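So the structure is just underneath, and the comments pick up after that.
The values are calculated or read from the model by the stated rules, or taken from the named source; none is laboratory data. Nothing here was measured: the structure is a model prediction, and the numbers come from that model. Don't worry about glycine lacking a Cβ; one is built from the backbone with ideal geometry, like all the others, and counts go over all protein chains shown.
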Amino acid sequence: MSARKILITGGTGQVARPLAEALACENEVWCLGRFGAPDIERQLNVQGINTWRWDMDDLSQDGLIGLPRDFTHVVHSAVRRGEDGDFNAAIEVNSVAAGQLMTHCRTAEGFLYVSTGAVYSRQSLDHAYTETDPVDGVADWLPAYPVGKIATEGAVRAFARVLGLPTTIARLNIAYGPNGYGGVPLLYFKRMLAGEPIPVPLDGRQNWFSPLYADDLVAQVPRLWEAASVPATLVNWGGDESVGMTDCIRYMERLTGVPAKLVESEVTRETYRFDPTLRRRLTGPCTTSWRDGIRRTFEALQPEHLEH
C-alpha cells in the first residue's frame, strides 16, 4: 500500500506496532494510544509515525476532538482486557470506544477490528474452529476478556451497517514474532527461564493453536481491508499450520536447552486451532512456517539462549 492515510489503535502492541512500522514507509500513519511505556512515543515518531494520545477508558468524545477524520483505512486493535475482572467495564469501554472510533472515521474505505478466537464455545482441544462455530465467551484464564470482545463485535457489526462503513472483524489467533515481547511463546519461555510451572491440559493432551508470524500478519492486513464489507466480513485470523502448545514448548527446549516444567492442570491458558480456509481465500497463504518463525523470534529477542 502507498499514499494512504492510516489510523491504528493500540500502536505499541504485538499486532499494531509492526504493522504501523511497515506501513509508515509509504503511507501517512497515525497511532492512537496511551503510550505508557518509557520512550515508546518518541520511537514511533522517529520512524515518521504520528501519535495521538487516546485513553479508551475516557468514554467522552474529547479524546478524538482535533484528530483528523479523513483516514482511508483503520485498524482497531486497542483493548481493555479486563484483568481487573470488571465485566461491565470491559463491555462498556470496548464497545463504546469502537463505536466512537467508527463514527469518527466513517468515510474510511476499510475498517479492521481485531477480535479474538477466545470468543468460541470450547470444543475438543484439537477442534478446527470455523467462523460459523458457536460462541459463548467463557475463558477461565481471563474471564472478562472474551465477553468484552463479543460485546464489541456486536457494536462493530451495528455501526458498520448504520454508517455504511466497510468493515472486517478478524478473530485473531496467537500473533508472535521478533517485535514487542515476542508473543505467547516467549511468555512461556520466560517462565521456563524462571523455572516456573507451566499448566498444560490433563491426560497428556495439549492446547492447539494457529500461530501467525509478524511478517504474515503485516502482509495480510491490506487483503483484510479489501475484504471489508457491509454487513461486516467475519474471518478467523491465524496461520496456516496447527501446532500443539506443548510441542511448541518442547521445540523451544531443543532450541535453547532450557527445560520446561509442565504441570497438568484443569485450568490452562486455552488456545484455539483455526480452519484457515476462508482466511487463505481472502489473503493467500502464509510464507513462514511456525518453526522458522520461532527461531527468528529467538534470534531477535533471545539470541544468548540459542544453542545452535
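Here are the numbers for the structure shown:
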| quantity | calculated |
| --- | --- |
| Residue in the stretch 56-75 that is hydroxyl-bearing (Ser, Thr, Tyr) and farther than 16 Å from residue 155 by Cβ present | yes |
| Residue within the stretch 13-22 that is among the aliphatic types (A, V, I, L, M), in a loop (DSSP other than H, G, I, E, B) and either exposed (fewer than 12 other Cβ atoms within 10 Å of the Cβ) or not assigned by TED's automatic domain parsing to the domain that holds residue 226 (or both) present | no |
| Odd one out for residue 107, checked against (1) within 20 Å of the chain's Cα centre (by Cα); (2) assigned to a loop (DSSP other than H, G, I, E, B) | (1) |
| Residue 255 being buried (at least 18 other Cβ atoms within 10 Å of the Cβ), at pLDDT 95 or above, part of a helix (DSSP H, G or I) and in the same structural domain as residue 164 (by TED's automatic domain parsing) | no |
| Residue among 113, 129, 145, 120 that is assigned by TED's automatic domain parsing to the domain that holds residue 63, surrounded by 20 or more Cβ atoms within 10 Å (Cβ to Cβ) and touching a Lys or Arg at 6+ places or on another chain (Cβ under 6 Å) | 145 |
| Qualifying residues in the stretch 256-283 (those that are among the acidic types (Asp, Glu) and more than 22 Å from the chain's Cα centre (by Cα)) - the one farthest from residue 135 (Cα to Cα) | 264 |
| Any hit, the stretch 56-78, residues being in the same structural domain as residue 29 (by TED's automatic domain parsing), closer than 17 Å to residue 113 by Cα and basic (Lys, Arg) | no |
| Selected residue (only one of 197, 222 is in the same structural domain as residue 133 (by TED's automatic domain parsing) and not acidic (Asp, Glu)) | 222 |
| Residue tally, condition buried (at least 23 other Cβ atoms within 10 Å of the Cβ) and among the small types (Gly, Ala, Ser), over the stretch 209-226 | 2 |
